[in-house]
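A short write-up of the structure that comes next.
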Amino acid sequence: MVWLAPACALLGGFSLIFALPPLVPVEYANYLSVALLAGLDTVLGGLRAGLEERFDDYVFVTGFFINMLAATAIVWLGDLIGLRELYLAAVVALGIRMFTNLGYVRRLLVMRVRAYREMP
């Protein structure tokens with residue numbers, strides 16, 4: 001049941017996104033999108049850790065905020081040096097991590113369902 005915290009955070013985040021109107025200025029859109037991807041990556045990593053029974057709430061919370069700040073800092077640095085497309089590097093890296101974590105979550109859930117079905 002430890003995996004319930006990241007799952008609730010994911011559902012809460014999605015409900016918050018759909019409840020609030022998108023009033024983000026265009027100049028902050030890259031920052032917000034990368035921060036959201038970093039947060040989603042952390043939530044999927046927390047879900048994976050929970051399913052692997054190695055979830056640590058301190059690591060999850062600190063990782064959530066530090067990953068979001070680091071990803072946003074990469075985009076800011078790119079804007080600062082005139083390389084506005086540097087956010088694409090963060091998007092690609094976070095996308096790879098998200099799909100990797102999602103693949104692990106899927107495998108772990110499939111293994112649990114198979115183990116549950118094989119129980120006498």
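Could you give the Stokes-Einstein D for the chain in µm² per second, using the C-alpha Kirkwood radius, 10 °C, 1.306 mPa s? Before the final figure, lay out each step's value.
Values: Rh = 15.7 Å.
The Stokes-Einstein estimate is 101 µm²/s.
Scan segment 26-91 for GluC sites (Glu not before Pro) in coil per DSSP, keeping those whose Cβ has at most 14 other Cβ atoms within 10 Å, and list them by number.
Numbers: sites: Glu27, Glu52, Glu53, Glu85; in loops: Glu52, Glu53.
The qualifying sites are Glu52, Glu53.
Ellipticity at 222 nm from helices only: DSSP H runs of n ≥ 4 in the chain, each -39500 (n - 2.57), divided by the residue count, give -27500 deg cm²/dmol. Determine the sum of side-chain charges near Asn30: Lys and Arg each +1, Asp and Glu each -1, restricted to other residues whose C-beta is under 13 angstrom from that of Asn30. The answer is -2. For the listed peptides 41-47, 71-77, a ranking on the average number of other beta carbons within 10 Å per residue, highest first, reads 41-47, 71-77.
Values quoted throughout were computed directly from the atomic coordinates according to the rules given, and no laboratory measurement underlies them. Here the structure is a predicted model, which is why all the values come from computation and not from measurement. Because the Cβ atoms are built from the backbone with ideal geometry, glycine has one as well, and the counts that use them run over all protein chains shown.
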